[in-house]
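First the structure, in the form of structure tokens, and then the observations on it.
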Amino acid sequence: MGPPPAPPAPVLLSPDGPITTATPTYQWNAVPGATSYRLEVGHGGPVIIREMTAAEAGCATGTGICQITLPNPVIGSAVWWLQARNAGGSGPWSSKAFQAATAMS
């Protein structure tokens, strides 16, 4: 038997639309069979990239809600992308846009 098929695209939950923090918690539905995830955030600063195991995201069983809060602040309009992975490969990307709160000067 070969490796399992690559997992499907994750369903992203939040952040979505206007948010009130520059360091949001990223949440998505767990993907059955996924062993890791790759998160990328594009915004007004350098692209943020974080790879994590399903256990690090709190969804090692492949059920429930996965989440992670990154220490990197997000500036203004942003898009986050997420990809599920397993021994069979990397699945398709999901994406969602949001608008982060910015500091008042």
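What the table below lists for this structure:
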{"quantity": "Filter result for Ala78 (surrounded by 15 or more Cβ atoms within 10 Å (Cβ to Cβ), small (Gly, Ala, Ser), outside any loop (DSSP other than H, G, I, E, B) and touching a His at 6+ places or on another chain (Cβ under 8 Å))", "calculated": "yes"}
{"quantity": "Pair list, Cβ < 7 Å and 6+ apart or interchain, from region 1-23 residues that are within 17 Å of Ser77 (Cα to Cα) to residues that are loosely packed, with under 12 Cβ neighbours inside 10 Å and at pLDDT 95 or above", "calculated": "Thr23/Thr69"}
{"quantity": "Count of residues meeting criterion [more than 17 Å from Ala100 (Cα to Cα), in a loop (DSSP other than H, G, I, E, B) and among the hydroxyl-bearing types (Ser, Thr, Tyr)] in region 9-63", "calculated": "3"}
{"quantity": "Exclusive hit being without any contact (Cβ under 8 Å) to a residue 24 or more places away in the chain, of a type outside the set (Phe, Trp, Tyr) and more than 30 Å from Pro3 (Cα to Cα), set Pro71, Pro46", "calculated": "Pro46"}
{"quantity": "Filter pass, Ala84 being among the aliphatic types (A, V, I, L, M), outside any strand (DSSP E or B), surrounded by 13 or more Cβ atoms within 10 Å (Cβ to Cβ) and in contact with a Ser or Thr (Cβ under 9 Å, 6 or more places away or on another chain)", "calculated": "no"}
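The values are calculated or read from the model by the stated rules, or taken from the named source; none is laboratory data. Keep in mind that this is a model prediction, so the values were computed, not measured. Cβ coordinates were reconstructed from backbone atoms using ideal geometry, including for glycine residues, and neighbour counts include every protein chain displayed.
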